[in-house]
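A quick write-up on the structure given underneath.
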Amino acid sequence: MATFLALLPRSLTTFLYAVAALLRFYGNIDTTPFQLIPFTILEWSFWAFTLGTASLVVSLGLEWNAGNRSRYQAAQARERETRRDDLANEEREKADRERNRADQERQRAAGRARIQNRFFISQIRHQLTPNPDTRSALTDFLSFLQEYGEP
């Protein structure tokens, strides 16, 4: 049905222009074809031409409206796609930030474990062989912990 309505103004325009041309060129100008309506062939031709032009204007309006509607729908689809892409990008960036934060936390924990292990090793060495070298290494390590250690 929509296709028929879309074709109707164009077909009507063509038909009315053809009628106007037929009446204008092949009819007798002063003849009144219908006695009840006092129009001559020339006037009928004029009315057919006027109605054809009105049909053409309606057809152009329908085409313009359909074009605007399709452009609007395309713009809306692009906007939805852009919004969807932006949300996906935000989700990816959020996941990346969380992954990076987790990696940094793991690296910090590994660094703390290494420092703690070094302290235990120095302490055990000092307990096994309490000599001035292990005592100075343990003292240096304790000063390192006081200076750079986490509270």
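Here, each number is a calculation from the coordinates, and none is a lab measurement. All of these numbers come straight from a predicted model, not from anything done at the bench. Cβ: placed from backbone, ideal geometry, glycine included. Neighbour counts: every protein chain shown.
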**Asked** Between Ile115 and Ala74, how many nm apart are label points set 7 Å from Cα along the C-beta direction?
**Response** 6.2
**Message:** Could you tell me the calculated FRET efficiency between Ala54 and Arg83, based on Cβ-Cβ distance and R0 = 41 angstrom, to the nearest 0.05?
**Reply:** 0.45
**Prolate/oblate/rounded label for region 9-146 (Cα gyration tensor, a/c 1.5)** = prolate
**Prompt:** Counting other Cβ atoms within 10 Å of each Cβ, which chymotrypsin sites (Phe, Trp or Tyr not before Pro) in region 12-103 have at most 12 and sit in a DSSP loop?
**Reply:** Phe34
**Prompt:** Within a Cβ distance under 15 Å of Leu42, other residues only, what is the Lys/Arg minus Asp/Glu net charge?
**Reply:** -1
**Message:** If I model a spin label as a point 7 Å beyond the Cα along the Cα-Cβ vector, how far apart are those points for Asn28 and Asp140 in nm?
**Reply:** 13.0
**Asked** With the dipole of region 9-146 worked out from charges on the C-beta (+1 for Lys and Arg, -1 for Asp and Glu) around the Cα centre, which of Tyr26, Phe39, Ser55 lies farthest toward the positive end?
**Response** Ser55
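How much length, in nm to one decimal, is gained on full extension between Asp133 and Leu62, taken as 0.36 nm per residue of separation minus their Cα-Cα distance?
Details: separation 71, 0.36 × 71 = 25.56 nm, distance 9.67 nm.
Length difference between fully extended and current span is 15.9 nm.
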